[in-house]
Amino acid sequence: MMKKLRRILYQPYKWLILSPVFVVTTIFFGGLAVVLSSFLKPRISSYLCGATWARINAGITPMFVRVTGRRFIDKHQSYVVISNHQSQYDIFVLYGWLGIDFKWVMKIELRRIPFIGVSCEKLGHIFIDRSDRAAAIQTINAAKKRIVDGTSILFFPEGTRSRSGHLGPFKKGAFKMALDLGLPILPITIRGTRSILPPDTLDIFPGRADLIIHPPVDTREYHEENLDILVEKVRDIVKAPLAKSL
């Protein structure tokens, strides 16, 4: 009863304060990213705009984020970052608290979102057309040259948000890219965001989220023939902390 009452009381705040703040910050920082990208390096623009945008909107929700495992990150090392995906609030968690320069791999439909699409393009994020496999591969191959000197690439290998809260099967594209580039994989587990904003709803409610950074996985002993073993190893790492939240 108390939880239901808190949700009812939260609704005016969500529509009168949180939603307008999200719209204003998205327009402002999206536009700022476009301007700054003209004379600053993308990683600087990404930090100034992306991280600030994420933290403001997380704070105004409010969402409280706890980070564990930051010691496993070498900021001079590039990674293929693998994360589970339960909510749109995962974006705030990763942008605001991961603390490394990375490029998203996004579906091309997001390019059409006002302000967000153009700013992501200016910051060097990667849009792929999932309906055209050849074009998607060509885009990824062209993007590989950006993944150097501590800049990483981030995948949600489930391909979409989990509707059940359970970790879905992983697609292999991210893992093939890790082998091609000779990069370690950095597994990430995000917990709690599904309770803050469940998929396919606008039912936002304050809460806590965990960003769990796992030790990197060396990919040098893997190849095409044992790729499935690598995929399942990383999936098991990402999955382990989720059992505690189900």
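The values are calculated or read from the model by the stated rules, or taken from the named source; none is laboratory data. Because the structure is a prediction, the values reported are computed rather than measured. For neighbour counting, all protein chains shown are included, and Cβ atoms are generated from backbone atoms with ideal geometry for every residue, glycine included. Ligands, DNA and RNA are excluded from the accessible area calculation, which covers all protein heavy atoms including side chains. Shrake-Rupley method; radii C 1.70, N 1.55, O 1.52, S 1.80 Å.
Residue check, P187 against (1) open to solvent by less than 30 Å² (accessible area, probe 1.4 Å); (2) closer than 30 Å to Y13 by Cα; (3) in a strand (DSSP E or B), all met but one. Which one?
(2)
In region 29-58, what residues are in a helix (DSSP H, G or I) and of a type in the set (K, R)?
First pass over region 29-58, keeping only residues in a helix (DSSP H, G or I): 29-36, 42-58.
Passing the criteria: R43, R55.
Of the numbered conditions (1) closer than 17 Å to I213 by Cβ; (2) open to solvent by 30 Å² or more (accessible area, probe 1.4 Å); (3) part of a strand (DSSP E or B), F64 satisfies every one except a single condition; which is it?
Every listed condition holds for F64 apart from (1).
Only residues that are open to solvent by 70 Å² or more (accessible area, probe 1.4 Å) and modelled with pLDDT under 95: list them for region 200-219, please.
Those that are open to solvent by 70 Å² or more (accessible area, probe 1.4 Å) and modelled with pLDDT under 95: D200, L202.
Scanning for something assigned to a loop (DSSP other than H, G, I, E, B) and over 12 Å from the mean Cα position of the chain (by Cα), does region 78-85 turn up at least one residue? Spell out the reasoning first.
Initially, region 78-85 is screened for residues assigned to a loop (DSSP other than H, G, I, E, B), giving 78-79, 84-85.
Cutting the leftovers down to over 12 Å from the mean Cα position of the chain (by Cα) gives us 78-79.
Yes, region 78-85 has at least one match.
Kindly list, by first and then second residue, each pair from a residue in region 34-48 that is within 17 Å of W104 (Cβ to Cβ) and of a type in the set (S, T, Y) to a residue that is at pLDDT below 85 and in a helix (DSSP H, G or I), limited to pairs with Cβ atoms under 8 Å and residues at least 6 apart or on different chains.
Sorted first by the residue in region 34-48, then by its partner, the pairs are S37/K122; S45/K122.
From F175, F156, which residue is closer than 22 Å to R112 by Cβ, surrounded by 20 or more Cβ atoms within 10 Å (Cβ to Cβ) and in contact (Cβ under 8 Å) with a residue 40 or more places away in the chain? So that I can check it myself, show each step before the final result.
Working: F175 fails: closer than 22 Å to R112 by Cβ.
Sole residue among the options that is closer than 22 Å to R112 by Cβ, surrounded by 20 or more Cβ atoms within 10 Å (Cβ to Cβ) and in contact (Cβ under 8 Å) with a residue 40 or more places away in the chain: F156.
Can you find a residue that is open to solvent by 70 Å² or more (accessible area, probe 1.4 Å) and either under 30 Å from L16 (Cβ atoms) or at pLDDT 95 or above (or both) anywhere in region 159-168?
Looking through region 159-168, at least one residue is open to solvent by 70 Å² or more (accessible area, probe 1.4 Å) and either under 30 Å from L16 (Cβ atoms) or at pLDDT 95 or above (or both).
Of the conditions (1) touching a Ser or Thr at 6+ places or on another chain (Cβ under 6 Å); (2) touching a residue at least 40 places away in the same chain (Cβ under 8 Å), G168 clears all except one; give me its number.
Going through (1) touching a Ser or Thr at 6+ places or on another chain (Cβ under 6 Å); (2) touching a residue at least 40 places away in the same chain (Cβ under 8 Å) one by one, G168 breaks only (2).
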